[in-house]
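The values are calculated or read from the model by the stated rules, or taken from the named source; none is laboratory data. The structure presented is a predicted model; accordingly, all values stated were derived computationally and were not measured. Cβ placement follows ideal geometry from the backbone for every residue including glycine, while neighbour counts extend to all protein chains displayed. Protein only, heavy atoms only, side chains kept; ligands, DNA and RNA dropped before computing areas. Shrake-Rupley method; radii C 1.70, N 1.55, O 1.52, S 1.80 Å.
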Amino acid sequence: MRNSDVDGVALEITELDYAIGNRRLFSGLELSVAIGETLAVLGPSGSGKSTLLSCVLGLLRPDRGSVRVAGTEITKLGSRGLAKTRAESIGMVFQFGELLPELSPVENVALAAMLARKASADIYQRAQALLDELGVPEAKTSASLSGGERQRTAVARALINSPVLLLADEPTGALDAEARDKTAGMLFDVPKRHSCGMLLVTHDLAVAARADRVVSIVDGALETVSIKEAVS
């Protein structure tokens, strides 16, 4: 059983402080994401959205505060512990997918399990099942897929290790309007179907409005934004 299954919390951040030089990005920032919940963080470039994801991933160490993923305190882990937690508890979707173009979709997805040492006899079957669920067609290489299909492949890759937390960094930012809407619709259905929480950062109000909750970074803290306000 995943630790967070006990209390239903995928991610909990408390009293987070982080500064770059003389610029303070976060000051006492508080955030929580429940299993099955989607939370969108709005803000322009430079507001700290991607920095927040980096703190959750343990790529950046905050000056103060706590970051718990699946019940594990990220800020106190060494490199080996961080790698284990990322592999077992966190799935990541990047803006441009970051697939290996020479590999097929199913190979890209299965590789994530292999790198996490979770490969099993049925790994390719599980990878294909995720791709089928997300509507990705079979292809010899990922390079032959459309932009939306590549992003759906990236989501399947993020889900192959059954994470408790899904992170998405501008996942529709490189797509046209039609592909954006299809991909966003699929993405926001994932947490309830796969029992994980999702933290998504974006500058796109229409995408953010699909989330259960929407917040923005203001003066180093998070402020709630109503969904109606987000699309007005």
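Quick look at the numbers
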| quantity | calculated |
| --- | --- |
| When the range 9-229 is reduced to its Cα atoms, the Kirkwood hydrodynamic radius in Å | 17.6 |
| FRET efficiency, LEU115 to LEU205 (Cβ-Cβ, R0 41 Å, nearest 0.05) | 0.70 |
| Two-site label geometry, LEU59 and GLU178: point separation in nm, points 7 Å out along Cα→Cβ | 3.2 |
| Phi to ³J(HN,Hα) by Karplus 6.51 cos²θ - 1.76 cosθ + 1.60 over the range 128-133, Hz, x for Gly, Pro | 5, 4, 5, 5, 5, 4 |
| The range 37-42 - phi-based ³J(HN,Hα) in whole Hz, Karplus 6.51/-1.76/1.60, Gly and Pro as x | 9, 10, 10, 9, 10, 8 |
| Spin-label proximity, LYS140 to the range 93-134 - amide N less than 18 Å from point 7 Å beyond Cα toward beta carbon | 100-108 |
| Charge dipole (debye, nearest 20) of the range 9-229; +1 at Cβ of Lys and Arg, -1 at Cβ of Asp and Glu | 580 |
| For the chain, accessible area per residue (1.4 Å probe, heavy atoms of protein chains only), Å² | 47 |
